[in-house]
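To start, the structure under review is shown below, and the notes come after it.
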Amino acid sequence: MIRINIAEQFSRTPGARYRSDGPHSGEEFREKFLVPLFANEDDNSKIEIVLDGAAGYATSFLDEAFGGIARLYGVKRCLERLAFISNEEPLLIEEIRTYIEEAGK
Amino acid sequence: MAFKWGTLRGAFYEVRLVEIVQTAATVVVACLVSFVLNRRLGTGFKQRELVISAVEHLRALLKEVFSNGQTYMEDGGLNNAQVILAELKQTSMFLSFLIRLKKEVPFRIHIGDSTTRGYWAFKKCLTDSPFGESKGVYSLQRRKNLTTLYELLVEELELCKLRLYR
């Protein structure tokens, strides 16, 4: 299992949607952390994303990072491989799931 | 024999011991029932008051986000954006707390899926693109939507408070 702690490995202050919007964007996170893990189609290992510790997540960041990876590799595959941990903000997990599911519509 | 008003008959004072005991027992039982009911109702009211203050706190957090959100939509600014995200995190944490609280009280709290969906819609309206963009401009329709979604949330929280006393 691969574990990614956003606050520790990426940024405590995640930014907006695109790289052009500024640092620590959802696009940057997706390309730096998620795309390399999804690129190998035979790899079905779980990816655990720890959301705690960050100052807060904008919808644009979440949609571009997680909805974006679902648009690239499919909703089913994303839901199967991604697992989210948020003790501070439990509703965030459901919120991200809606963005992943909406990506398939 | 004509009844003399103002004069009590002798039989009035002839109360038997059994009747005294019965009366005393009735008074004791009535006092006990009243005490138990008062205590239960009192606890119920206190719990309801606590839930109401929690709902009011959630409403205050939302008001803060809405107010800062309107300022951000006008002026932008990275610092303002970070403040809004921190406030939204606090609001989400408190909403989770209220949802968990539902399992702890013996009455129904009308907060749940629709409140959560309303909160997500409100958050999305404020923090989806162009949020965080250096030259992001919010449309007039988007600003109106934010107000509408905020009002819907406030209405839902007010109804939740009212329904606590049904």
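The values are calculated or read from the model by the stated rules, or taken from the named source; none is laboratory data. Just so you know, these numbers come straight off a predicted model, no measurement behind them. All Cβ positions, even for glycine, are placed from backbone atoms using ideal geometry, and neighbour counts span all protein chains on display.
Values as computed for the structure displayed
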{"item": "Residues located in region A:38-53, provided they are touching an Asp or Glu at 6+ places or on another chain (Cβ under 9 Å) and either under 18 Å from residue A:85 (Cα atoms) or modelled with pLDDT of 95 or more (or both)", "result": "A:46, A:50, A:51, A:52, A:53"}
{"item": "Verdict on residue A:19 being within 29 Å of residue B:87 (Cβ to Cβ), surrounded by fewer than 19 Cβ atoms within 10 Å (Cβ to Cβ), within 14 Å of chain B (Cβ to nearest Cβ) and basic (Lys, Arg)", "result": "yes"}
{"item": "Leading residue by the ranking (surrounded by the fewest Cβ atoms within 10 Å (Cβ to Cβ)) among those in region B:69-94 that are at the interface with another protein chain (Cβ under 8 Å from one of its Cβ atoms) and small (Gly, Ala, Ser)", "result": "B:86"}
{"item": "Condition met for residue A:31 (facing another protein chain (nearest Cβ under 10 Å), over 20 Å from residue B:90 (Cβ atoms) and of a type in the set (D, E, K, R))", "result": "no"}
{"item": "Condition check for residue A:105: over 21 Å from residue A:13 (Cα atoms) and free of Cβ contacts under 8 Å to residues at least 12 places away in the same chain", "result": "yes"}
{"item": "Residues (more than 14 Å from every other protein chain (Cβ to nearest Cβ) and acidic (Asp, Glu)) located in region A:46-84", "result": "A:48, A:80"}
{"item": "Residues within region B:95-116 that are β-branched (Val, Ile, Thr), more than 11 Å from chain A (Cβ to nearest Cβ) and surrounded by 17 or more Cβ atoms within 10 Å (Cβ to Cβ), tallied", "result": "2"}
{"item": "From the options B:114, B:96, residue that is more than 30 Å from residue A:22 (Cβ to Cβ) and touching a helix residue (DSSP H, G or I) at 6+ places or on another chain (Cβ under 9 Å)", "result": "B:114"}
{"item": "Residue that is farthest from the chain's Cα centre (by Cα), among those in region A:1-20 that are over 20 Å from residue A:46 (Cα atoms) and free of Cβ contacts under 8 Å to residues at least 24 places away in the same chain", "result": "A:20"}
{"item": "Answer residue from region B:121-142, given it is assigned to a helix (DSSP H, G or I) and within 11 Å of residue B:72 (Cα to Cα) and is farthest from the other protein chains (Cβ to nearest Cβ) among those", "result": "B:126"}
